[in-house]
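> Once you've had a glance at the structure underneath, I'll fire off some questions.
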Amino acid sequence: AQTVTQSQPEMSVQEAETVTLSCTYDTSENNYYLFWYKQPPSRQMILVIRQEAYKQQNATENRFSVNFQKAAKSFSLKISDSQLGDTAMYFCAFMNINQGGKLIFGQGTELSVKP
Amino acid sequence: NAGVTQTPKFQVLKTGQSMTLQCAQDMNHEYMSWYRQDPGMGLRLIHYSVGAGITDQGEVPNGYNVSRSTTEDFPLRLLSAAPSQTSVYFCASSRQGLVTGELFFGEGSRLTVL
């Protein structure tokens, strides 16, 4: 069975600075997706970034980037130039490519961006 | 452009009552799923469906029933609510074979069982 672990329940960062959220996972599968979802106080789940396991290149989306270490089963999220609107709960998630529609989530990291 | 619609958004029940959380999507997605969100535990899969007439259990299925009679709808039924089912529930959908694998979520339903 796959598991996803986020070991940082809470983090804070000053506006305009950089923060890294950690995620590790355990799987025996070779083909999978990894995701970071953002959940602001509105409760809406918003996809931040996605990584395909077969791609060696780390995914980037504007101020968001990941450090994907497949051998170490690590998938951290870096937020550059943090903004007040980045304040949210962040979830790391795993999907077996052969089990579409089924996400396995980590426990979440609550990020506060301080002015 | 509705996407995934969940109703109701809030509900209070007494122990032993029954109710149905409704979920509908207008994107013709094959996959649909229900998750519950509890503090410190992330989101956990309750039930999912890969198409009309096909459902399967997820990680925490006890106390919940589902059916999928159409592609669009995937209701979640609580037959006899218990305080342990107090949670926020999310419905999600995705397209089979979609390269991105992305799930589209509803806005969530907060359920309190007294």
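Values in this text are rule-based calculations from the coordinates and carry no lab data. Small disclaimer: the values here were computed from a predicted structure and weren't measured. In this analysis, Cβ positions are derived from the backbone assuming ideal geometry, glycine residues included, and neighbour counts consider all displayed protein chains.
> Pull out a ≥ b ≥ c, the square roots of the eigenvalues of the alpha-carbon gyration tensor of chain A, then state rounded if a/c is under 1.5, prolate if not and a/b is larger than b/c, and oblate in the remaining case.
prolate
> What is the mean number of Cβ atoms from other protein chains located within 10 Å of the Cβ atom of each residue in peptide B:46-55, rounded to a whole number?
Per-residue shielding by partner chains comes out at 1.
> What is the mean number of Cβ atoms from other protein chains located within 10 Å of the Cβ atom of each residue in peptide B:86-95, rounded to a whole number?
2
> Taking only C-alpha pairs under 8 Å that are 6+ residues apart, what is the relative contact order of chain B in percent?
Once divided by the residue count of chain B, the mean separation gives 36 percent.
> Once phi is turned into ³J(HN,Hα) by the Karplus curve 6.51 cos²θ - 1.76 cosθ + 1.60 with θ = phi - 60°, what whole-Hz value does each residue of the stretch B:19-34 show in order, with x for glycine and proline?
6, 10, 8, 8, 9, 9, 10, 10, 9, 6, 7, 6, 8, 9, 8, 10
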